[in-house]
Amino acid sequence: MISLAKTTFSTDYTRFAYALGSNFNAPPPGAYTQADRTVVKGALSLPQITPGYYITPTISFQSNTYNATANPSAVALISAAKGTSVNPAAVQGFTIPTFSLDSGLAFERDASELKGFFWRDMLLTMEPRAFYAFTPYQSQANTPIFDTADAGFGVSQIFTANTFIGNDRIADTNAATLGLTSRMIESNTGAERANVTLAQKQQFTGQKVGLNGNIASPTTYSDTLGSASVRLLGNFSADMFGQYNTQLNRFVQTTVGASWRPTVGRSLNFGYRNVWSPPIQASAQN
């Protein structure tokens, strides 16, 4: 067993300046066209790793401080457009902790039945994974947005605590994710020829922190995700991804892709993505 405490610490200082021209009704940072932001991050984890399983508890935190300057012209134009005096709210920083627990098992066996397909001695693995994360809620409605966006909902994001990418938002969460991955690996070289993953997150409390303010009616359900990829001989590979919404009983996102690399420096790629969006207004047709 490998057990070694891991500590990480980082700081980041950024000065933002926006030249919005006359477009002062743009999304956040809105009237704040200049700001200094300091971000401090720290984490302590204690991984327990063996050939058959791993478990990694982690305690982390992120602290943001801002020194923002409102543009007087922006404030005047926004006030004129709304017909009332607008005073930008005081910029809000935050210090938010997160606890997460990541764990998994690894089983493998010789897969002689796959030799006829890949023409190689193959191993077949089965890797269940469980991930839990808890981040307390703290309102960030008065925290400006400079470099942050939704991370999306994919197989890689479902096993993370924060649903945002960037440094201006920390999502509150109390959720557990269960997943299962199976891989087909060449016995002699260790090259991965195929993998399949299924994952489902269960939210115990709905997320309240949104990108542009608090979420009014947070929900606790989560979609089921699945992905598969195969890499055949001849440098040909194919990938598939699907996101199934259990409340709507339909796939809300599907992706298929293929790639062929006949020689070094040459490749042919194909990709198709279908994303379903809910109708804006109910009608007889939708």
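The values are calculated or read from the model by the stated rules, or taken from the named source; none is laboratory data. These figures come from a predicted structure and were not determined experimentally. All Cβ positions, even for glycine, are placed from backbone atoms using ideal geometry, and neighbour counts span all protein chains on display. When the accessible area is computed, the model is the full protein with side chains, heavy atoms only, and any ligands, DNA or RNA have been set aside. Shrake-Rupley method; radii C 1.70, N 1.55, O 1.52, S 1.80 Å.
A few notes on this one:
- The dipole here belongs to the stretch 128-286: it is taken about the Cα centre, uses +1 on the Cβ of Lys and Arg and -1 on the Cβ of Asp and Glu, and is about 360 debye.
- Close amide-amide hydrogen proximity is noted between Ile215 and Val209, Gly210, each under 5 Å apart and 5 or more residues distant or on a separate chain (H modeled in the peptide plane; Pro and chain starts excluded).
- Per-residue Karplus couplings for the stretch 264-271, computed as 6.51 cos²θ - 1.76 cosθ + 1.60 with θ equal to phi - 60°, are listed in order as 5, x, 10, 8, 10, 10, 9, x Hz, Gly and Pro entered as x.
- Linear extension gain, Asn245 paired with Arg266, 0.36 nm per residue minus alpha-carbon span: 3.8 nm
- Hydrodynamic radius of the stretch 119-191 by the Kirkwood approach over all distinct alpha-carbon pairs: 15.2 Å.
- Sequence ranges 113-119, 35-41, ranked by mean other-Cβ count within 10 angstrom, highest first: 35-41, 113-119
- Value of Rg to Rh for the stretch 128-244 (Rh from inverse mean 1/r over Cα pairs, i.e. Kirkwood): 1.09
- Karplus-derived 3J(HN,Hα), 6.51/-1.76/1.60, for each residue of the stretch 105-115, Hz, glycine and proline x: 10, 9, 10, 8, 8, 5, 10, 5, 5, 8, 5
- In summary, the aspartates and glutamates within cross-link reach of Lys201, defined as a Cα separation below 18 angstrom excluding same-chain residues under 8 places away, comprise Asp102, Glu127, Asp150, Asp172, Asp223.
- Qualifying trypsin sites (Lys or Arg not before Pro) in the stretch 174-254, DSSP loop, other Cβ atoms within 10 Å at most 12: none
- Protein heavy-atom surface of the stretch 136-284, 1.4 angstrom probe: 56% of the accessible area is carbon and sulfur, with nucleic acids and ligands not counted.
- For the stretch 204-210, Karplus couplings with θ = phi - 60° (6.51, -1.76, 1.60), whole Hz, Gly/Pro x: 7, 9, x, 6, 9, 7, x
- Average accessible area per residue (Å²) across the stretch 98-227 - probe 1.4 Å, nucleic acids and ligands excluded: 49 Å²
- Burial order of peptide ranges 166-178, 148-160 (average beta-carbon count within 10 Å, highest first): 166-178, 148-160
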